[in-house]
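**Q** Got a structure for you, questions after.
Read the figures in this text as sums done on the coordinates, not as results from a lab. Since this is a predicted model, take the numbers as computed values, not measurements. Counting neighbours? That spans all protein chains shown, and the Cβs are built from the backbone with ideal geometry, glycine included.
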Amino acid sequence: VIGGQEVSADTSPWVVALSSRDRFGAARAGQFCGGVVVSPTTVMTAAHCLSPAVLGKDVRLVRDLRVVSGRSDLEGEGGQEVAVRSSWIPPEYDPEANSPDMALLTLSEALPSSRVLPVAREGDEAYAPGTEAVVYGWGDTTGAGAYAPTLRAARVSVLPDEKCATAYPGGADGRYTPATMLCAGDEAGGRDACQGDSGGPLVARGRLIGLVSWGSGCGRPDGPGVYTRVSAVLPSVPGGLPDAED
Ligand code: 4AZ
């Protein structure tokens with residue numbers, strides 16, 4: 001996270017770190033992506049976090065995957081570290097287009113229901129451009145590989161789709177697809193998600209509206225952050241999300 005500040009696991013208990021012993025170039029404690037608790041046994045993250053390019057070609061990966069919850073300092077104690085029983089990505093996920101960039105991890109044991117963040121299901125107009133949001137993660141804080149030892153968060157705004165459509169018409173930086181993506185950042189630059197934050201939550205009015213997905217660089221005024229539009233991808237989940245009480 002660029003331009004953010006340290007936050008505690010107590011005030012944002014639904015943020016989790018995805019960690020793997022095998023993760024090459026691991027930042028801290030094998031952390032390579034973020035995620036968010038959407039039911040006691042379900043973590044939502046970005047599909048591209050589970051891709052061979054991110055996890056390495058070794059498919060042992062999902063077996064070694066750990067979800068670290070309730071802990072801000074990844075080298076510290078406290079919270080829970082749980083294994084992943086299974087994963088699901090939308091059948092229409094296209095790694096080339098990063099769309100729809102969402103995955104669900106079913107945990108091998110339940111987390112406390114106090115960790116669950118409600119997911120936005122309202123229409124997009126409820127999160128119109130200008131809506132204040134917060135992005136969370138342990139990722140790069142400078143754009144030069146300075147991964148955060150503790151959880152950080154930055155305030156960003158939901159930006160008009162045209163902002164990302166203009167910045168990302170296609171080509172090397174990819175194409176912005178408003179149906180499954182959400183544009184957010186800081187018009188002036190300086191506050192943004194960055195490498196290592198992928199899969200982590202974008203929260204507005206106490207609800208999950210996005211997952212860190214991609215962008216051009218970090219914190220650049222001409223390179224807004226692209227997030228997975230969670231409310232648009234959720235309907236493709238077979239049977240929907242498990243209830244918070246599960
Ligand atoms: C990444 O590489 C990444 N500035 C995530 C988010 C952004 C850029 C890169 C958005 O995971």
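**Q** Above 24 Å lies some portion of the pair distances; for region 58-153, what is it as a whole percent of all C-alpha pairs?
**A** Roughly 42 percent, rounded to a whole number.
**Q** Still on this model: Do the sum for the chain: with -39,500 (n - 2.57) for every DSSP H run of n ≥ 4, divided by all residues, what is the mean residue ellipticity at 222 nm, to the nearest 500 deg cm²/dmol?
**A** -1500 deg cm²/dmol
**Q** For region 112-117, just list the computed ³J(HN,Hα) in residue order, Karplus coefficients 6.51, -1.76 and 1.60, θ = phi - 60°, integers in Hz, with x standing in for Gly and Pro.
**A** Along region 112-117, the couplings run x, 5, 5, 8, 7, 9 Hz.
**Q** Which ordering of L111, L74 is given by a fewest-first count of other beta-carbon atoms within 10 Å?
**A** If I rank by nearby Cβ atoms, fewest first, I get L74, L111.
**Q** Taking amide H positions as placed in the peptide plane 1.01 Å from N, state which residues far from A9 in sequence (5 or more) or on other chains have amide H under 5 Å from it.
**A** S72
**Q** Using a basic spin-label model with each label point 7 Å from the Cα along Cα→Cβ, how many nm lie between E162 and A128?
**A** Going from the E162 label point to the A128 one covers 1.5 nm.
**Q** Right, another one. Between S114 and R21, what's the calculated FRET efficiency when r is the beta-carbon distance and R0 is 25 Å? Round to 0.05.
**A** Step by step, r from the Cβ atoms, then E = 0.30.
**Q** Another question, then. Tell me which residues come under 5 Å, amide H to amide H, from L202 once H is placed; ignore anything under 5 positions away on its chain.
**A** Residues meeting the criterion, in which the H sits 1.01 Å from N, are I209, G210, L211, V212.
**Q** With a 10 Å Cβ neighbour count serving as the proxy for reagent exposure, in which order, fewest first, do W138, W88, W214, W14 appear?
**A** Final ranking by Cβ density, sparse to dense: W88, W214, W14, W138.
**Q** Using per-residue counts of other Cβ atoms within 10 Å, averaged over each peptide, order 45-51, 152-158, 78-84, 233-239 from highest down.
**A** Ranking, from highest mean packing down: 45-51, 152-158, 78-84, 233-239.
**Q** In whole Å, what three semi-axes, largest first, describe the equivalent ellipsoid of the chain built from its Cα gyration tensor (square root of 5 times each eigenvalue)?
**A** Semi-axis lengths for the chain are 24, 20, 18 Å.
**Q** Something else now. What is the log10 of I(q)/I(0) for region 98-155, computed with the Debye formula using one identical point scatterer on each Cα and no solvent, at q = 0.31 Å⁻¹?
**A** -1.15
**Q** If you build the Cα gyration tensor of region 152-235 and take the root of 5 times each eigenvalue, what three semi-axes come out, in whole angstrom, biggest first?
**A** For region 152-235, the ellipsoid semi-axes come out as 17, 16, 11 Å.
**Q** Can you order the peptides 32-39, 116-123 by their average number of other Cβ atoms within 10 Å per residue, highest first?
**A** For the peptides 32-39, 116-123, the packing ranking is 32-39, 116-123.
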